[in-house]
Structure formats: C-alpha cells, structure tokens
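Peer 1: I have a structure I would like to understand better, so I am pasting it below and will then ask my questions one at a time.
What follows draws every value from the coordinates through simple rules; no lab data is involved. All of these numbers come straight from a predicted model, not from anything done at the bench. We place every Cβ from the backbone using ideal geometry, glycine too, and count neighbours over all the protein chains shown.
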Amino acid sequence: MFVRMIRPKYVLELGTFSGYSALCMAEGLEGDAQLHTFEIFDEQEDFIRKWFQGSPYAARLHLHIGDALKLVPEMDVQWDLAFIDADKRQYTDYYEMLLPRMRKGGFILADNTLWYGHVLDGQTKESDLQTRGIMEFNDLVAADCRVDKVILPIRDGLTIIRVR
C-alpha cells in the first residue's frame with residue numbers, strides 16, 4: 001500500500017532476508033520503477049534469487065549482497081522510498097547514510113521500532129545491543145527537525161519518516 005501511495009521510481013531496501021518484503025513492494029511499482037535490496041549474508045543469495053527470478057517483477061528487482069553502508073554511497077541514486085529492516089544495532093548508521101540520499105518528500109520506513117516492547121519496558125540490559133540500537137534510532141528520529149515522523153504501534157512498530 002505504501003508503494004502504491006508514494007509511487008516511487010527508486011526504492012531501497014536494507015535487509016532482504018527471504019525477499020518477501022521486496023516482492024511485496026515490487027507489486028506496487030509502476031512504469032520503469034526499480035527496487036534495490038541489500039542483504040549482508042551471502043548464504044541467503046541462492047534462496048532469494050530463486051524467488052526473485054520466478055517473480056513477474058524480476059526485471060525490477062536488484063539484489064545486492066554486501067554491506068549497504070559501504071555499497072549504497074557508491075550508487076548515484078536519489079531514493080524516493082527506503083525500507084530499513086536490517087541489523088538493529090546499525091539503524092542510526094543506516095538513517096544517517098540514507099537521509100542525504102533521499103529526495104525531498106521521500107519516505108523512510110523503519111521496521112521493528114518497538115522491538116517486542118523492549119524499547120518501552122525500561123529494563124534494557126547493557127548487553128542487549130539490538131534494543132539499544134533501536135532506542136538510539138528512535139531518539140535520533142524523534143529529535144530530528146529535518147523530517148516528519150510517526151511510529152505506528154502495530155505488531156513490532158513501524159516508523160514512517162517523511163524527508164522535508
């Protein structure tokens with residue numbers, strides 16, 4: 001639904017995993033729109049490619065294996081929509097990397113921003129780096145005047161960020 005509403009030409013996904021969310025987003029793409037998705041774990045590649053190649057959206061989907069923090073800055077693309085669903089410890093790094101590469105009025109969607117409710121329970125252990133990463137990200141986005149933002153408290157939390 002977000003893809004159909006925003007009508008992006010260039011979509012970036014950080015964290016492909018099985019490819020399910022990329023395939024769902026690809027359904028909403030129009031015209032010559034493209035989706036680039038990044039997965040750091042190369043052992044996922046064969047599984048993902050099988051599903052992408054069998055999809056009616058195969059020509060729109062571009063799988064990149066490697067560290068998005070290193071690879072995305074090398075791309076000459078201004079993103080209309082970005083979906084963050086990768087290493088929770090690096091959400092702030094992804095955000096800072098993405099923001100200058102987003103078009104004005106573009107959207108960043110960040111998944112898992114309530115992280116099983118752990119970000120709210122006040123009992124986060126020092127060793128829980130994933131929860132701490134999400135908490136730092138939420139604090140950063142909440143204080144950022146460069147964007148409009150809201151957290152939807154559905155399932156594990158989805159933050160919608162609009163670049164001003």
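Peer 1: Could you work out the Kirkwood radius for segment 82-164, taking every pair of different alpha carbons, averaging 1/r and inverting it, reported in Å? Please list the in-between numbers first.
Peer 2: Numbers: mean 1/r = 0.0783 Å⁻¹.
Mean inverse Cα-Cα distance, inverted, gives 12.8 Å.
Peer 1: Mind listing which GluC sites (Glu not before Pro) in segment 58-164 are in a DSSP loop and have 13 or fewer other Cβ atoms within 10 Å?
Peer 2: Counting only loop positions with at most 13 other Cβ atoms within 10 Å, the GluC sites (Glu not before Pro) in segment 58-164 are GLU126.
Peer 1: Another one. If packing is taken as the mean number of other Cβ atoms within 10 Å per residue, what is the order of 145-158, 5-18, highest first? Before the final figure, lay out each step's value.
Peer 2: Details: 145-158: 13.1, 5-18: 20.4.
Result, highest mean first: 5-18, 145-158.
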